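First comes the structure, then the notes that go with it.
The values are calculated or read from the model by the stated rules, or taken from the named source; none is laboratory data. This is a predicted model, so every value here is computed, not measured. Every residue, glycine among them, receives a Cβ derived from its backbone with ideal geometry; neighbour counts consider all protein chains shown. Surface accessibility is based on the protein's heavy atoms, side chains included, excluding ligands, DNA and RNA. Shrake-Rupley method; radii C 1.70, N 1.55, O 1.52, S 1.80 Å.
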Amino acid sequence: MKYGELSEAAWAWVLDQVQWDDDGPWIPESAGDAKPTEFLQGTHSGVGGLAYPLADIKLTRPWTAAERELAAGIARRVRTSIPTESSISFFDGLVSSIGALIALDEPGVDAAVARALEIVTPTGWQESFLDQPDTYEPGAVCNDLTLGTAGALLGALWAIRHGVDARPLADRAIERLLAEQEETSSGLNWLFIPRRYLRKPPPLEMPNLTHGLAGIAAVLALAGAELDRPELVEAGRLGAEHLVTLGINDDRGFRVPRVIPWAERHGDEYTYNWCHGPAGTALLFDALEYAGVDAVAGVSPATWRRRLLDAVLHSGIPQRLHPGFWDNDGRCCGTAGAADAFLTNHERTGSAADLQFATHLADTLVDHAGPSPYWRFIEHTKEDPLLPPGVGWMQGAAGIATTLRRFEHSVSKPRMDNWWALT
C-alpha cells in the first residue's frame, strides 16, 4: 500500500476500535483489550490521543460525520475529567487535556490550567506513581517533560500561545524547576526525581527528552523566548552544556545513554527513538535555536542537532540487529517517531539525505504493516513475542497512521511537543 492508502486504512481500523460509554468514547490500549481502568482520556494510549490524527486529517479533507461525533465526544470526555484530575502529566493528566482540546479547537483549556494551579503543592505536582515508600520520600515530585514540572511549563506555554492566561501556571512551574537545578562543573543538571526524595541513591538518570535533562532544558529555553526571560534561555543553554558531556560524540554522531549509570538490566545502553534517543533529544537544540542561542560547547545548536540525527543514521535502524533492538514502530519508541524527526529536519534545512532516510523509515512502516492496517511490535522477553496491535497515539496505529499521512500530504498541524521545530 502507498502511504495515504495505508494511513486511511489504519485510521479506519482505529475508528473500529472506538467504543462508547456514558461519558463518551474510549479505546483499548491494544485491540481486544478490556476497557482501561484509568487514563481513558489520556494522550499516550487513551482516546485523547486521537485528537492529533483528527487535527491532521482536517488539514487535508473534511471530517466525516463519524469523525465529527468522535471529536466532540473526545472533547466532552476530556472536559468532564478536568475537575477531578489529580495528575499534571503530559501523557495522561491536565497537560494532556490542554494538548487535546487545543488540537480539536475546543473550549476548556482555561479550566485545565486552573485545575493545575489548584492541585500544585508548595514543592510541585505530586503524581500517584511516586507513592512508593520504599523508593521515594513522602511528597516526592518529578521534574521531567512527560510526567512532571517541565510538562506543566510546556502546557502553560502552549495555552498562552492559544490565548489562554496561563502565565501564573508557567511562573509556578518555572519557580519549581529553578529550585531543583543542580550545578555541575560543566553546566546545569536536573534529575527525573530530585535527589532529596530518593531513598535509594545514587539516582538513575534518564537524560534524554522525555524523563530528563534534555526535555527540561528545552522547555526552559522555550519559556525564556516566549516570556522574554533571558535567564531561562541561559538555564536551558547550561543544561545543554552539561548534556553534551554525558554522551559520545564521534564520527558516528552524538548520542546520550538511555540510563546513567547503565547496567545490563536496562537493555541496550543507547537507543535512537523519540523518548530516550537522539530523534527526540534533537528537539532540545531546536528549542535553543528558536531561543536565539548561538553556541553550545563552542558549536551551533544546528550542528548538535545534525550530530544527533547522524547518530540515528549510523545506528542500524530500522533493522532489528538483535533481540530487543528496534522492535517497535511507534511514535514514542520506534520508527514512526524517528521518521517524523527526519522529515521535520528535511523541511527545515532542505536536506535530501534526511528526506531519503525519512522515506526509508516510512517504507519500513508500510512493509511492517503488510496486508494488515495495523502494526504488531515485538517483546523479545515474552514466550509469545508478537504483541497485539496497539490502537492509540504514542504506541499504536493512530500515531503511525498520522506519520504516514504527513508523508502523503506534506502537512502537519503543530503540536504542543513540536511547534518550535516546525517554525
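Structure data summary
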{"item": "Count of the range 153-172 residues which are without any contact (Cβ under 8 Å) to a residue 40 or more places away in the chain and hydrophobic (A, V, I, L, M, F, W, C)", "result": "0"}
{"item": "One residue from L288, L213 being surrounded by 23 or more Cβ atoms within 10 Å (Cβ to Cβ) and without any contact (Cβ under 8 Å) to a residue 40 or more places away in the chain", "result": "L213"}
{"item": "P36 vs. criteria in contact with a Ser or Thr (Cβ under 9 Å, 6 or more places away or on another chain) and under 18 Å from D417 (Cβ atoms)", "result": "no"}
{"item": "Where P202 falls short, out of the listed (1) surrounded by fewer than 16 Cβ atoms within 10 Å (Cβ to Cβ); (2) without any contact (Cβ under 8 Å) to a residue 12 or more places away in the chain; (3) not small (G, A, S)", "result": "(2)"}
{"item": "Among the candidates T43, T60, residue that is under 17 Å from M394 (Cβ atoms) and touching a helix residue (DSSP H, G or I) at 6+ places or on another chain (Cβ under 7 Å)", "result": "T43"}
{"item": "Selection count where residues are more than 14 Å from E175 (Cβ to Cβ) and without any contact (Cβ under 8 Å) to a residue 60 or more places away in the chain, scope the range 117-132", "result": "8"}
{"item": "Members of the range 1-48 that are among the polar types (S, T, N, Q) and surrounded by 19 or more Cβ atoms within 10 Å (Cβ to Cβ)", "result": "S7, Q17, S30, Q41, T43, S45"}
{"item": "Selection from the range 372-392 of residues that are open to solvent by 10 Å² or more (accessible area, probe 1.4 Å) and of a type in the set (A, V, I, L, M, F, W, C)", "result": "F377, I378, L386, L387"}
{"item": "The range 113-140: number of residues that are assigned to a loop (DSSP other than H, G, I, E, B) and within 13 Å of S86 (Cβ to Cβ)", "result": "5"}
{"item": "Residue in the range 355-371 that is hydrophobic (A, V, I, L, M, F, W, C), touching a Pro at 6+ places or on another chain (Cβ under 6 Å), open to solvent by 20 Å² or more (accessible area, probe 1.4 Å) and over 30 Å from P230 (Cα atoms) present", "result": "no"}
{"item": "Qualifying position, being open to solvent by 20 Å² or more (accessible area, probe 1.4 Å), at pLDDT below 95 and at positive phi, among G267, G350, G316", "result": "G267"}
{"item": "Single residue of the range 63-111 satisfying the filter (part of a helix (DSSP H, G or I) and among the acidic types (D, E)) that is farthest from the chain's Cα centre (by Cα)", "result": "E69"}
{"item": "Verdict on E183 being open to solvent by 10 Å² or more (accessible area, probe 1.4 Å), in a strand (DSSP E or B) and out of contact with any helix residue (DSSP H, G or I) (no Cβ under 7 Å at 6 or more places or on another chain)", "result": "yes"}
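Residue-by-condition table, conditions (1) farther than 21 Å from N345 by Cα; (2) open to solvent by less than 20 Å² (accessible area, probe 1.4 Å); (3) modelled with pLDDT of 95 or more:
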{"residue": "A235", "(1), (2), (3)": "yes, yes, yes"}
{"residue": "G247", "(1), (2), (3)": "yes, no, yes"}
{"residue": "R252", "(1), (2), (3)": "no, no, yes"}
{"residue": "V256", "(1), (2), (3)": "no, yes, yes"}
{"residue": "A263", "(1), (2), (3)": "yes, no, no"}
{"residue": "G280", "(1), (2), (3)": "no, yes, yes"}
{"residue": "T303", "(1), (2), (3)": "no, no, yes"}
